[in-house]
Amino acid sequence: MIQKTSRRQFVKQLGLAGAALALPAASYSRVLGANEKLRVASVGTGGKGWSDLLGVAASPAVEVVALCNIDSSADHLGRAAEKYPSARTYADYRKMLDKSDDIDGVIVSTPDFMHAPISLSAMALGKHIFCQKPLTHTVKEARQMQLAAQKHKLVTQMCNQIQSHSAYRTAVALVHAGKIGKVLEVHSWQGGQPSWPRNIDRPAGSDPVPTTVAWDLWQGVAPHRPYKTGIYHPFNWRGWQDYGTGQLGDFGCHILDPVFKSLELTAPLELVADAPPLKPETWTDKATVSYIFPGAERTAGDTIRVTWYDAAGVRPPAEALTSLPKSAELPNAGSILIGEKGTLIIPHVAMPKLYLKGEETEAKYDTVEGVDHYVQWADACRGEDKTTSTFDYSAPLTETVLLGTVAIRFPGQKLKWDAANMTIPGFSQAEPFLTKEYPKGWM
């Protein structure tokens, strides 16, 4: 029998720097019987967290036993508590985890900067994890998450739920079936206009903190700052570097997912960004990031270039579209995979468009049925299914996305990536942005 430790004991013994690397190899997560329910806790129950909670709890094999949110208002913790009245409620996830003997799995749906601290603490206690995208706030955190899941032998799933949609599953199947042949290059983009702050300075002064909000708890591992109404909580945090990861971080783990999945890409070899200079605290409103990956089974050469674009109304340049007929229409967001035998357009949340070489009209194809991304995790925790966005898959995807956010800080500078050692040879100035320090007492 393996001796359990409390979250606080674990943090005291290991500390942040070595936590993921020092986790014991054996798991002490509970083995569920055929008729036993998966007992789930949810951290972050407002916004996307509400739909994540409902999605997982849709499984009849799930029991919601704990809810955590720094905002007790009706749209956040209040609504969840009303829906699941038997669940314990908390403002501080650390207190929840200190009383987590009856918790089997944790849904983490907080802002990006708190994904890793909460997930790593829960995994240290043997809890299965369902975590929102991007998996983490920094590259190093993504690696720590992957190692922790491996060493504890836990069931994990990143919530890039469109991966399980029929559209993305069909696109991956078309590439795997060789419909467009070996892939020569990829262009991916998000042409929507973000609503969160971009290219601005921090507003002066402070506002009264709402009585429902535990502002110090919300700031968690981030540098603390005064509360300002509508600027950070509950949504606009995405535009601030301390809390979010900008447009690439928000959409990269969705839009690049079928690219990674279909081509089975590994870590990039190098990347370079074209972007305006960043303000000290917010992300830019436009960027292009060009990645070079090692070639794989379904790519045409020894390497393959994948280029990401984000800006209002952006589309890949005309020279990238010469393989498409003039009648082809591009979505507002998605990817184009250009192959030796044809081209595949993968819209963001819509069925793919297949154009075979020399043809002016779309080719027909068989579709692949979608699956329930949320229930899949719950079933996998009970030993009845397998997840498709495990941390072994989603952590490397997240690392690639977040390397792009590092490159955006150094426009025009080619960054070589040594994935094994997690270094940027020849440009060490970028390496501090691969990680961050946590304040004492947070894990």
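The values are calculated or read from the model by the stated rules, or taken from the named source; none is laboratory data. Predicted model, so just to flag it, every value in this text is computed and none were measured. As a convention, Cβ positions derive from the backbone with ideal geometry for all residues, glycine included, and neighbour counts pool all protein chains shown. Please note that ligands, DNA and RNA were not included when accessible areas were found on the heavy atoms of the full protein model with its side chains. Shrake-Rupley method; radii C 1.70, N 1.55, O 1.52, S 1.80 Å.
Side notes on the structure shown:
- Computed over protein heavy atoms with a 1.4 angstrom probe, the accessible surface ordering of 304, 70, largest first, is 70, 304.
- C-alpha center-to-center spacing [segment 243-297, segment 411-432] in angstrom: 15
- Heavy-atom SASA rank of 266, 138 (probe 1.4 Å, accessible area, largest first): 266, 138
- Note that segment 275-316, at 10 °C in a medium of 1.306 mPa s, gets a Stokes-Einstein diffusion coefficient of 128 µm²/s from its Kirkwood radius over C-alpha pairs.
- The listed residues 399, 82, once ranked by accessible area (1.4 Å probe) with the largest placed first, stand as 82, 399.
- At a probe radius of 1.4 angstrom, the accessible area of the chain per residue rounds to 41 square angstrom.
- Computed Rg/Rh of segment 136-227, alpha carbon atoms with Kirkwood Rh: 1.10
- Here segment 286-365 exposes an accessible surface that is 49 percent carbon and sulfur, computed with a 1.4 Å probe and the other protein chains kept in place.
- At R0 = 45 Å, FRET efficiency that the Cβ-Cβ distance of residue 102 and residue 176 yields, to 0.05: 0.60
- Solvent-accessible area of residue 351 with every protein chain in place, 1.4 Å probe, in Å² to the nearest 10: 70
- Volume of the convex hull of the chain (Cα atoms only), normalised per residue: 143 Å³.
- Counting charges near residue 339 (Lys, Arg +1; Asp, Glu -1) among other residues having Cβ under 10 Å from its Cβ returns a value of +3.
- Rounded percent of accessible protein surface that carbon and sulfur make up, segment 90-213, 1.4 Å probe: 53
- Cα Rg, Dmax (largest Cα-Cα span) when computed across segment 251-368, Å: 15.3, 49
- Approximate spin-label separation residue 48-residue 351, in nm, with each point projected 7 Å along Cα-to-Cβ: 2.7
- Each Cα pair under 8 Å and six or more residues apart adds its sequence gap; the mean of these over the residue count of the chain is a relative contact order of 20 percent.
- Rounded Å value of the spacing that divides the Cα centres of segment 89-137 and segment 32-85: 13
- Convex hull volume of the C-alpha atoms in segment 53-97, normalised per residue: 70 Å³.
- Counting only protein heavy atoms and using a 1.4 Å probe, the accessible area of residue 169 comes to about 80 Å².
- For segment 153-303, the average shadow cast by the Cα convex hull is 12.4 nm², which is a quarter of the hull's surface.
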